[in-house]
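This report refers to the structure that appears directly beneath it.
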Amino acid sequence: VNASAQSGNKAIETLILAKLEETNNQLQAIKPRYKIYPTENVYISIKLDTATGKLWMIQIGLGDTYGGTVPIDETSLSGFSEEVRNGRFELYPTKNMYNFILLDTELGRTYQVQWSTEPDKRWRVRL
């Protein structure tokens, strides 16, 4: 293969890579950063930061009861050197209404997430 053909191939490769990166950025803009997951308790939902794996419990207030948002675990699982990407983490319910499985869709790591109205019973742990 001559030098001219190699140069042309390199230019085409560069254009393709640039287009792939642009398309990936557009897809990332479509995926939501935060998602709300219902629990079996009609007053409680879980908010997930799909880019970092951070979790909060949301409680709806009724009558004299105040609602609010409290952390389950606000430690980022995305790492310091890794790119933050919306949709990286997903939450799945289990048969136990207080427990969910958090999946890191990039690395395959799984975590058990437990919500509770009692602060010392809210947590996330790697499985």
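Brief remarks follow.
- Of all residues in the stretch 50-76, those satisfying the criterion of being closer than 15 Å to residue 123 by Cα and open to solvent by less than 30 Å² (accessible area, probe 1.4 Å) are 53, 55, 57, 72.
- Residues located in the stretch 29-49, provided they are in a strand (DSSP E or B), open to solvent by less than 80 Å² (accessible area, probe 1.4 Å) and farther than 15 Å from residue 121 by Cα: 37, 45, 47, 48, 49
- Residue match in the stretch 54-73 (condition: assigned to a loop (DSSP other than H, G, I, E, B), more than 20 Å from residue 117 (Cα to Cα), touching a strand residue (DSSP E or B) at 6+ places or on another chain (Cβ under 8 Å) and not hydroxyl-bearing (Ser, Thr, Tyr)): no
- Pair list, Cβ under 9 Å, 6 or more apart: the stretch 4-26 residue at pLDDT 75 or above, other residue open to solvent by 90 Å² or more (accessible area, probe 1.4 Å): 9/1
- Pick from the stretch 77-99, criterion in a loop (DSSP other than H, G, I, E, B) and of a type in the set (Ser, Thr, Tyr), ranking: least open to solvent (accessible area, probe 1.4 Å): 78
- Sole exception among (1) free of Cβ contacts under 8 Å to residues at least 12 places away in the same chain; (2) within 14 Å of residue 85 (Cβ to Cβ); (3) of a type in the set (Asp, Glu) for residue 49, by number: (1)
- Number of residues in the stretch 106-123 that are within 12 Å of residue 78 (Cβ to Cβ) and either buried (at least 16 other Cβ atoms within 10 Å of the Cβ) or at pLDDT 95 or above (or both) equals 1.
The values are calculated or read from the model by the stated rules, or taken from the named source; none is laboratory data. Bear in mind that the values here come from a model prediction, so they are computed numbers and not experimental data. Positions of Cβ are generated from backbone atoms using ideal geometry, with glycine treated the same way; all protein chains shown enter the neighbour counts. Just the protein is used for accessible areas: all its heavy atoms, side chains included, with ligands, DNA and RNA removed. Shrake-Rupley method; radii C 1.70, N 1.55, O 1.52, S 1.80 Å.
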